1. Among the polar types (S, T, N, Q), open to solvent by 50 Å² or more (accessible area, probe 1.4 Å) and either on the phi < 0 side of the Ramachandran plot or free of Cβ contacts under 8 Å to residues at least 12 places away in the same chain (or both), is that true of A:Asn139?
2. Starting from residues that are in contact (Cβ under 8 Å) with a residue 24 or more places away in the chain and of a type in the set (A, V, I, L, M), keep the ones in the range A:351-375 and report whichever is most open to solvent (accessible area, probe 1.4 Å).
3. Got a number for residues in the range A:377-412 being farther than 18 Å from B:Gly287 by Cα, open to solvent by less than 10 Å² (accessible area, probe 1.4 Å), assigned to a strand (DSSP E or B) and at the interface with chain B (Cβ under 8 Å from one of its Cβ atoms)?
4. Taking B:Pro276, is it part of a strand (DSSP E or B), in contact (Cβ under 8 Å) with a residue 40 or more places away in the chain, closer than 26 Å to B:Val60 by Cβ and in contact with a strand residue (DSSP E or B) (Cβ under 8 Å, 6 or more places away or on another chain)?
5. Give me the residue from the range B:240-264 that is over 18 Å from B:Leu110 (Cβ atoms) and touching an Asp or Glu at 6+ places or on another chain (Cβ under 8 Å) and, out of that set, most open to solvent (accessible area, probe 1.4 Å).
6. Here's a check for you: in the range B:195-243, which residue that is of a type in the set (A, V, I, L, M) and away from chain A (no Cβ under 14 Å) is nearest to B:Gly87 (Cα to Cα)?
7. Considering each residue of the range A:148-166, count those that are among the charged types (D, E, K, R), within 25 Å of the chain's Cα centre (by Cα) and more than 14 Å from A:Ile194 (Cα to Cα), and give that number.
8. Taking the criterion of being under 25 Å from A:Gly74 (Cβ atoms), touching a residue at least 12 places away in the same chain (Cβ under 8 Å) and surrounded by fewer than 18 Cβ atoms within 10 Å (Cβ to Cβ), would at least one residue in the range A:327-343 satisfy it?
2 protein chains.
Amino acid sequence: MKQHQLRVSPQTMHWGYFSKAVAPALTIQSGDRVTIETLTHHANDDHERMVAGDPGAESVFAWTNEYKAMPRRGAGPVTGSFRFGEGEGLGVHLLTGPVAVEGAEPGDVLEVRILDVSPRPSCHRSHKGRCFGSNAAANWGFQYRDLIEEPKPREVVTIFELDTTNKEAPFARAVYNYVWTPQTDPDGVVHATIDYPGVKVDHTRIKKRENILRNVTVPARLHFGTMGLAPSESDYVSSIPPSYTGGNIDDWRIGQGAKMYYPVAVAGAFFSVGDPHAAQGDSELCGTAIECSLTGEFAFVLHKKDELAGTLLEGLDHPLLETAEQWSVYGFTYPNYLAALGPDAQTAVAQHSSLDPAMRDAFRKLRRFLMIVHKLSEDEAIALMSVAADFGVTQVVDANWGVHGSIRKSVFAG
Amino acid sequence: MKQHQLRVSPQTMHWGYFSKAVAPALTIQSGDRVTIETLTHHANDDHERMVAGDPGAESVFAWTNEYKAMPRRGAGPVTGSFRFGEGEGLGVHLLTGPVAVEGAEPGDVLEVRILDVSPRPSCHRSHKGRCFGSNAAANWGFQYRDLIEEPKPREVVTIFELDTTNKEAPFARAVYNYVWTPQTDPDGVVHATIDYPGVKVDHTRIKKRENILRNVTVPARLHFGTMGLAPSESDYVSSIPPSYTGGNIDDWRIGQGAKMYYPVAVAGAFFSVGDPHAAQGDSELCGTAIECSLTGEFAFVLHKKDELAGTLLEGLDHPLLETAEQWSVYGFTYPNYLAALGPDAQTAVAQHSSLDPAMRDAFRKLRRFLMIVHKLSEDEAIALMSVAADFGVTQVVDANWGVHGSIRKSVFAG
């Protein structure tokens with residue numbers, strides 16, 4: 001077992017996509033551990049608190065008229081003239097990796113254990129050692145076309161401070177919020193809405209509102225919103241819609257102590273992780289969580305395809321969560337939208353967003369799990385799901401909407 | 001404060017509908033307590049275990065060629081020739097009540113506290129003192145047209161035994177199951193599927209499968225699936241679709257310690273309760289929970305409309321749950337399907353079932369709650385929902401599908 005480290009840098013990160021085509025940031029063997037730093041792509045909502053003075057973050061977000069450290073942001077075009085910027089923001093998450101796993105092949109399953117998660121403190125002299133995150137009620141949020149107060153529509157950024165002093169009961173409190181105003185990037189593109197990740201918000205052009213969410217304490221649930229493997233269907237796949245190799249699942253249960261199992265779709269598996277969250281509710285209603293840079297301690301175990309029969313991984317073709325208390329499967333509008341929707345899948349998927357097929361998919365996946373892993377008949381599995389499994393709304397903001405189905409391990413304790 | 005008792009009987013129950021038109025079984029004053037017995041409408045899935053020897057249950061389920069104790073079952077026709085039976089099974093739940101509350105008027109809010117819940121033991125000599133329930137994977141279940149094993153489609157009844165010896169950790173275990181076979185009722189109608197409530201299953205015409213769900217323990221969650229007030233829109237309203245006055249919400253959180261708040265739609269409020277459940281998961285996937293007769297201890301508090309301003313009940317036009325830990329609102333495909341769908345609403349609603357508008361409705365209701373009750377701005381409410389509220393699938397089997405939105409009280413503890 002080797003212990004590795006992946007720090008954030010333009011060389012160890014990619015922005016807005018999963019990819020089987022980019023060079024691995026690290027190659028490991030099954031059983032290895034890796035400390036992986038991640039950065040929230042919303043850090044520039046408050047550059048002072050979340051970027052300034054942090055060598056890693058500054059190296060990644062560096063963008064001037066002359067120099068853009070990470071030019072491609074998204075799976076969109078990289079040549080021609082851009083509407084929003086290189087990659088077109090078709091995918092938004094800063095991801096660390098890929099981590100290649102030696103010997104991994106399609107048909108295998110990669111187990112990823114999250115051993116520890118800790119926040120990345122501010123390096124700015126005024127905020128040193130304190131931790132911050134950003135929540136954006138954005139144009140892709142469930143509320144955007146359904147607001148009641150003026151002006152409509154609007155995007156709102158809320159900055160939170162995270163307090164992890166008591167590791168058993170971490171929490172976050174709001175610091176201030178502001179309505180998004182048009183922001184001009186170093187290339188001269190005006191971003192009237194949040195349409196491209198990493199644009200630095202000019203704080204002279206916004207109006208901060210303080211004393212918000214007074215006496216409100218948000219229980220923290222540190223987790224990684226986006227984590228998974230490169231799909232095989234395309235070289236560059238938007239990081240927004242979750243799919244059969246995981247990705248932007250946005251389940252707050254994917255935190256410390258969780259094990260995720262992903263089907264390997266490409267040689268080397270190509271694991272990437274980002275979209276770190278300090279807290280999120282089931283649905284991620286307004287489009288984001290408390291987006292907050294985190295560092296995780298991960299262990300990787302490769303399960304070869306010829307060793308899966310008779311294990312809980314037999315036939316697994318979708319992400320699966322195991323925690324100390326439960327298992328969860330993830331249903332999506334399309335289990336594999338890339339295969340279902342063809343060449344335009346990455347843009348077309350957002351036109352089909354619905355919870356109804358996601359519920360259907362979650363039902364089928366949990367039934368399969370109970371029949372294969374727990375050797376139940378279909379009738380036993382269905383009765384058990386109705387009386388003991390809970391289905392929840394994972395997210396309604398990631399184009400390929402999600403419903404999770406969970407069953408407690410104690411049900412099988414005998 | 002007076003203490004009342006409502007035992008089960010044909011005179012104290014109505015079957016398959018909420019109604020402002022039937023005579024109250026009991027009239028109380030605000031502040032009174034009532035011990036209310038309820039019966040599961042699935043008791044005749046195993047008459048021996050759940051009806052035989054129980055004077056109350058026998059009086060209600062009595063049905064011979066000459067005598068049908070409770071003829072009307074559902075909000076459907078009561079004259080002419082029937083396809084399924086009187087009332088046509090348009091609504092299926094045995095409900096105890098109505099309980100009229102003196103002085104209740106439209107615009108008021110009725111608070112219903114569940115102080116205690118206990119199971120109703122078998123009276124049959126072979127099973128005396130033990131408690132049983134039935135789960136039916138039925139034709140209205142989410143799985144019915146999506147089965148993988150033969151024969152397809154099929155309905156399956158699973159009988160569970162409930163053990164409440166340890167009141168802190170009650171549980172249920174499966175006893176046996178059977179595939180539904182055509183059952184002939186005393187009037188000669190053959191029920192090829194579960195299409196009319198209370199038909200006694202002839203156990204010589206089914207094949208019991210034992211040793212099912214071996215080593216599986218279902219944590220019990222005693223609650224009332226159907227509980228609420230009479231709507232104003234019709235004299236007889238199917239008990240199946242939940243709506244603005246509550247009804248068949250099917251949330252397992254509506255158990256001991258819960259408080260429900262319902263908007264009063266008719267003079268006297270007309271509260272009814274039934275559909276008792278020993279356990280259910282979020283979604284009630286296959287169409288039912290563990291349907292199990294229960295007795296509840298209830299307290300009623302009437303909040304008059306001119307006293308609601310500035311309280312958590314201000315402007316409440318939908319059911320609201322309060323427990324020790326959280327509040328929940330209930331979103332439905334249609335917040336008020338009776339008003340939305342017109343004269344054919346009770347049959348038409350099933351053609352529109354979808355989680356997407358239910359999620360929309362739950363979002364709007366929780367936003368309103370946070371803005372009115374907690375004095376948040378819309379921007380504060382939306383950020384808070386995204387990072388701290390959880391939305392789940394309440395049910396996908398009651399025609400008017402449900403999504404609940406929950407927020408923990410600890411968030412506001414300061």
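The values are calculated or read from the model by the stated rules, or taken from the named source; none is laboratory data. Just so we're clear, the structure is a prediction, and the values are computed from it rather than from any experiment. Please note: Cβ atoms are built from the backbone with ideal geometry, for glycine as well, and neighbour counts cover all protein chains shown. With ligands, DNA and RNA removed, areas are computed over all heavy atoms of the protein, side chains included. Shrake-Rupley method; radii C 1.70, N 1.55, O 1.52, S 1.80 Å.
1. Working: among the polar types (S, T, N, Q): yes; open to solvent by 50 Å² or more (accessible area, probe 1.4 Å): yes; either on the phi < 0 side of the Ramachandran plot or free of Cβ contacts under 8 Å to residues at least 12 places away in the same chain (or both): yes.
So A:Asn139 fits the description; yes.
2. Going through the qualifying residues, I end up with A:Ile372.
3. 2
4. Numbers: part of a strand (DSSP E or B): yes; in contact (Cβ under 8 Å) with a residue 40 or more places away in the chain: yes; closer than 26 Å to B:Val60 by Cβ: yes; in contact with a strand residue (DSSP E or B) (Cβ under 8 Å, 6 or more places away or on another chain): yes.
In short, yes.
5. So the residue we want is B:Gln256.
6. B:Val237
7. Taking the range A:148-166 first, the residues among the charged types (D, E, K, R) are A:149-150, A:152, A:154-155, A:161, A:163.
Next cut, within 25 Å of the chain's Cα centre (by Cα) only: A:154-155, A:161, A:163.
The next check asks that each one be more than 14 Å from A:Ile194 (Cα to Cα); those that pass are A:161, A:163.
Matching residues across the range A:148-166 total 2.
8. At the first step, the residues of the range A:327-343 found to be under 25 Å from A:Gly74 (Cβ atoms) are A:330, A:332-343.
Still in the list and also touching a residue at least 12 places away in the same chain (Cβ under 8 Å): A:330, A:332-339.
Cutting the leftovers down to surrounded by fewer than 18 Cβ atoms within 10 Å (Cβ to Cβ) gives us A:339.
Yes: the range A:327-343 contains one or more residues that are under 25 Å from A:Gly74 (Cβ atoms), touching a residue at least 12 places away in the same chain (Cβ under 8 Å) and surrounded by fewer than 18 Cβ atoms within 10 Å (Cβ to Cβ).
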